[in-house]
Amino acid sequence: MPSSPRTVLVLLYDGVQSLDVTGPVEVFAALAHFPGRTGYAIRTVSPAGEPVRTGSGLTLVPDGELASARPGPGTTVLVPGGRFSGDFEPRLTDWLRTHGGGAERLVSVCTGGLLLAEAGLLDGRRATTHWNACERMARDYPAVAVEPDPIYVRDGPVATSAGVTAGIDLALALVEEDHGRDVALTIARHLVVFLRRPGNQAQFSAQLAAQTARRDPLRDVQQWIAEHPGEQLSVEHLAARARLSPRHFARAFQAETGVTPGRYVERVRVDHARRLLEESGEGMAQIARACGYRNPEALRRAFVRTLGQPPAEYRRRFGTSRP
């Protein structure tokens, strides 16, 4: 435990997403309520040191001016997201380019990752951002290895997170790194959130990861898949429900959702299996059958392919119930 408090330096600007600021700050500020623990010294700064108006209309009053801030060892620089329709605020990107590398940790929430990328601080690194901005990040910053699926990504001293509440998950992970799991878990309980979302957990459910089909028959099939993951979900069976030929169905489904029927089905089934592993005490064979897999090995292969880890390990780390 450090003898002096770690500093969290939060960058504010007009149009910032308020929850990107307040969510992580509430996590870090909670350390002040732990007797005997050295908490975080939280400081907020804006380009001119003046109040900023968030995207939702709230006014935030900073502690000081950005130009006066000099991050060093023990400092975590937190860059929240906002809606960037034009050029970035140059004072933010210039400051990050000049001083960001001096921080012990650089952390972005949501589209704050675009500011880090604009400053060149993500070049050669893995990173993520809000799912709706991942394509922009990959297009505008080809030196960044964009990972669109995880809720947060750690690459050395740089940590980037997905949209809004993923910043809370990342802040809890940093508190766990600094003060241990028990402290982070207590904070999570106090904030009524779960300390179990891994960084590589998908940003959103299978249904949200794919587009919603335009035509009613295909939308109905998507809904039916979500409600019946254990049923026979071959292209032939799904095409019959949509009253289309298998070939026409497969082409139309991919054109309207962006994924093949088989990939969509696998995402839904793995998503359902993940929830059962987190929340139930059912055995692997039962879960496999409930999710439409012939046996636990078929479930394991799909789980590793989609989430990068076997279901038993996932349950060990994130389950709340035990068989």
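The values are calculated or read from the model by the stated rules, or taken from the named source; none is laboratory data. This is a predicted model, so every value here is computed, not measured. Glycine gets a Cβ as well: all are built from the backbone with ideal geometry, and neighbour counts include every protein chain shown. For accessibility, only protein heavy atoms count, side chains too; no ligands or nucleic acids. Shrake-Rupley method; radii C 1.70, N 1.55, O 1.52, S 1.80 Å.
Taking residue 124 as meeting all but one of (1) at pLDDT 90 or above; (2) open to solvent by less than 50 Å² (accessible area, probe 1.4 Å); (3) in a loop (DSSP other than H, G, I, E, B), write down the number of the exception. It fails just one condition, (2). Residue-level check: of (1) within 28 Å of residue 185 (Cβ to Cβ); (2) within 27 Å of the chain's Cα centre (by Cα); (3) not charged (D, E, K, R), residue 229 misses just (1).
The rows are residues; the columns are (1) charged (D, E, K, R); (2) open to solvent by 60 Å² or more (accessible area, probe 1.4 Å); (3) under 23 Å from the mean Cα position of the chain (by Cα); (4) farther than 28 Å from residue 137 by Cα.
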| position | (1), (2), (3), (4) |
| --- | --- |
| 39 | no, no, no, yes |
| 60 | no, no, no, no |
| 63 | yes, yes, no, yes |
| 72 | no, no, no, no |
| 75 | no, no, yes, no |
| 80 | no, no, yes, no |
| 86 | no, no, no, no |
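Summed over the stretch 133-143, residues that are of a type outside the set (Gly, Ala, Ser) and surrounded by 13 or more Cβ atoms within 10 Å (Cβ to Cβ) total 4.
Does residue 216 satisfy the criteria of being farther than 27 Å from residue 90 by Cα, open to solvent by 20 Å² or more (accessible area, probe 1.4 Å) and modelled with pLDDT under 85?
Working: farther than 27 Å from residue 90 by Cα: yes; open to solvent by 20 Å² or more (accessible area, probe 1.4 Å): yes; modelled with pLDDT under 85: yes.
When the stated conditions are applied, residue 216 passes them.
Right, residue 103: at negative phi and crowded, with 21+ Cβ neighbours inside 10 Å or not? Explain how you work it out, then say what you get.
On the way: at negative phi: yes; crowded, with 21+ Cβ neighbours inside 10 Å: yes.
Spelling it out, residue 103 is indeed at negative phi and crowded, with 21+ Cβ neighbours inside 10 Å.
Selection within the stretch 259-275: residues that are among the β-branched types (Val, Ile, Thr) and touching a Leu at 6+ places or on another chain (Cβ under 8 Å). The member of this set that is nearest to residue 149 (Cα to Cα) is 270.
Evaluating residue 302 against the criteria (1) modelled with pLDDT of 85 or more; (2) open to solvent by 20 Å² or more (accessible area, probe 1.4 Å) leaves one unmet condition, (2).
Quick one: is residue 34 touching a residue at least 24 places away in the same chain (Cβ under 8 Å), over 26 Å from the mean Cα position of the chain (by Cα) and open to solvent by 30 Å² or more (accessible area, probe 1.4 Å)? Steps first, please.
Numbers: touching a residue at least 24 places away in the same chain (Cβ under 8 Å): yes; over 26 Å from the mean Cα position of the chain (by Cα): yes; open to solvent by 30 Å² or more (accessible area, probe 1.4 Å): yes.
Against the criterion (touching a residue at least 24 places away in the same chain (Cβ under 8 Å), over 26 Å from the mean Cα position of the chain (by Cα) and open to solvent by 30 Å² or more (accessible area, probe 1.4 Å)), residue 34 qualifies.
Of all residues in the stretch 308-319, those that are closer than 16 Å to residue 185 by Cβ have Cβ atoms under 9 Å from Cβ atoms of residues that are modelled with pLDDT under 75 and not hydrophobic (A, V, I, L, M, F, W, C), 6 or more apart or on another chain, in 317/196; 317/198; 318/196; 318/197; 318/198; 318/201; 319/196.
Looking at 256, 278 in this structure, which one is closer than 28 Å to residue 147 by Cβ, open to solvent by less than 60 Å² (accessible area, probe 1.4 Å) and in contact (Cβ under 8 Å) with a residue 60 or more places away in the chain?
278
Scanning the stretch 144-166 for residues that are under 15 Å from residue 16 (Cβ atoms) and surrounded by fewer than 22 Cβ atoms within 10 Å (Cβ to Cβ) turns up just one, 164.
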